[in-house]
Amino acid sequence: PDTGNGEQLYECPMCSLTCTNIQILEEHVDLHLEEQSFSEGGNIRDLELAQRLQTEEDKWQRSEEEKQEREEFKKLQKQYGLDNSGGYKQQFLKNMEREVDRGRMQPFEYHKRKADMMECLAFGIDDGKTKTSGVIEALCKYYQNENKDVRHVWLSTGVDHFQSSLGDRGWGCGYRNFQMLLSSLLQNSLYNDCLRDTTLIPSIPKIQSMIEDAWREGFDPHGASHFNNRLHGSKAWIGACEIYSLLTNFRIKCQIIDFHKPTGPMGTHPRLFEWILRYYSTDNESGAKVVCTSKPPIYLQHQGHSRTVVGIEEKKNKSLCLLLFDPGCPSHEMQKLLKQNSDSTSLKLLRKFVGSLKEKQYQIVAVDGVLSLEEKAARCHASQVLMSEKIP
């Protein structure tokens, strides 16, 4: 533009500044361009720095997550006995040494019990030191004389209670419940042929070897791989699938029933109680108050623990109550049930009402007869595909 007095003006295209000299304007515009170039370069450097910092942050985060996963995995391995820290024998000896150090066991007793344990392990039999026999018979007598609120009670055949010991405390409940179930089957002539090679209750290391035998026969390859095909010498927890494989390998007919979600209010499982009632009362629907059935006990599993169902009460108000043997219950407490003057307070050890069992999921293993060799082979094949029937 012109100033009006013949003087030429030059306008900056970037900030609208006007100059009378073209050279001054060019220098001014160059400054604009340098400033812009510097600013853009700074932005690029800032972006690169931010990206590098984010990459380092992501890398650190992944490293921390992987470290935490490894620690959690180690905890799980230790919790479930898969950390190669030794098995029954090592734990038994370590706990006895601790008892000696604390003055609760004399050295001569330590050496005697160690020798006894080594002999039992060599023969593969349980030492019987945590066993309580005769409780079912005592319960039968108790209920005959109990006239308060029990309308009917169904009891399984005779079952020995086995408490967890110094060698398996904290992880051996599955094995102890198998011993309880086996103690009942050994008293039933129907299973004589299946159990002709197992006339005495096996030790926990022997049971571990027996489960490994079932895996070698082809039972539950998925479960076997979970344990790397090895239980013996470990403190590995076992559950319903291992009990199923073990029994079926003996040609003992059984089934797993999966109660995979609560079926009652407040997280309860009334359908579990109803199923167990049908199990015991079918073919035993006499009018008698106390029914001593020919049914074996039931293996009951939930996350972190298992117990043995030895009977069920039906109250006068129609409510149901399970009778459970728990491996965590001390033998001296179980022996109180054998006394003739035993009262209902002693039964608190065994009784579980619907409101008492509120885990998310339960599984049971129920025995119901003998398999032919062909049926055993078919079940072995089926176990490779599906291990449980689900109750909706």
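Could the peptides 96-103, 376-383 be put in order, highest first, of the mean number of other beta-carbon atoms found within 10 Å of their residues?
So the order, starting with the most tightly packed, is 376-383, 96-103.
Note on exposure: ILE24, ILE243 ranked by accessible area (1.4 Å probe, complete protein assembly) read ILE24, ILE243, with the most exposed listed first.
For helix 88-101, report the angle its Cα long axis makes with the longest principal axis of the Cα atoms of the chain; keep it between 0 and 90° and round to the nearest 10°. Orientation of helix 88-101: about 90 degrees from the principal axis. Close amide-amide hydrogen proximity is noted between CYS254 and ASP368, each under 5 Å apart and 5 or more residues distant or on a separate chain (H modeled in the peptide plane; Pro and chain starts excluded). The 3J(HN,Hα) values that the Karplus relation (6.51, -1.76, 1.60; θ = phi - 60°) gives for the range 166-171 are, in residue order, 4, x, 9, 4, x, 8 Hz. Gly and Pro appear as x. Projecting the Cα atoms of TRP60, GLY223, PHE162 onto the charge dipole of the chain, computed from C-beta unit charges around the Cα centre, puts PHE162 farthest toward the positive end.
For the range 282-371, rounded, prolate or oblate, judged on the Cα gyration tensor with a ≥ b ≥ c (square roots of eigenvalues), a/c < 1.5 rounded, else prolate if a/b > b/c? Intermediate results must be reported in sequence, preceding the final value.
On the way: a/c = 1.33, a/b = 1.03, b/c = 1.28.
In terms of gyration-tensor shape, rounded.
The distance between label points at ARG98 and LEU31 comes to 8.2 nm (points 7 Å beyond Cα on the Cα→Cβ vector).
Let me check against my output: what whole-number percent is the relative contact order of the range 167-304, with C-alpha pairs under 8 Å and at least 6 apart?
That works out to 27 percent.
Counting only residues at least eight positions apart within a chain, or on another chain, the lysines with an alpha carbon under 23 Å from that of LYS67 are LYS59, LYS75, LYS78.
Relative contact order of the chain: 20 percent, from C-alpha pairs under 8 Å at least 6 residues apart in sequence.
Can you work out the accessible area per residue across the chain, with the rest of the protein chains kept in place, probe 1.4 Å, in square angstrom?
Numbers: 21720 Å² over 392 residues.
Roughly 55 Å² per residue, with all protein chains present.
With all protein chains in place and ligands, DNA and RNA left out, the 1.4 Å accessible area ranks SER319, SER306 as SER319, SER306, largest first. Under the simplified labelling scheme, the ARG151-GLU375 pair shows an inter-label distance of 3.4 nm, with each label point 7 Å from Cα along Cα→Cβ.
What pairs in LYS316/LYS336; LYS94/LYS129; LYS235/LYS376 have C-alpha atoms more than 22 Å from each other?
LYS316/LYS336; LYS235/LYS376
Only aspartates and glutamates eight or more places from LYS352 in sequence, or on another chain, were considered; those with a Cα closer than 13 Å are GLU313, GLU314, ASP326.
Oblate is the label for the range 174-327. Its Cα gyration tensor axes, ordered a ≥ b ≥ c, give a/c of at least 1.5 and b/c at or above a/b. For the chain, the spread of Cα coordinates along the three principal axes comes to 131, 56, 50 Å, biggest extent given first. Ordered by 1.4 Å accessible area with all protein chains kept, ASP193, ASP116, ASP160, ASP168 run largest first as ASP193, ASP116, ASP160, ASP168.
Given a 1.4 angstrom probe, I'd like the percentage of the accessible area of the chain that is carbon and sulfur, rounded to a whole number.
Values: 10790 of 21720 Å².
Ligands and nucleic acids excluded, carbon and sulfur give 50 percent.
The values are calculated or read from the model by the stated rules, or taken from the named source; none is laboratory data. Everything numeric here is computed off the predicted structure, so don't read it as measured data. Here Cβ is always computed from backbone atoms with ideal geometry, including for glycine, and neighbour counts include all displayed protein chains. Protein only, heavy atoms only, side chains kept; ligands, DNA and RNA dropped before computing areas. Shrake-Rupley method; radii C 1.70, N 1.55, O 1.52, S 1.80 Å.
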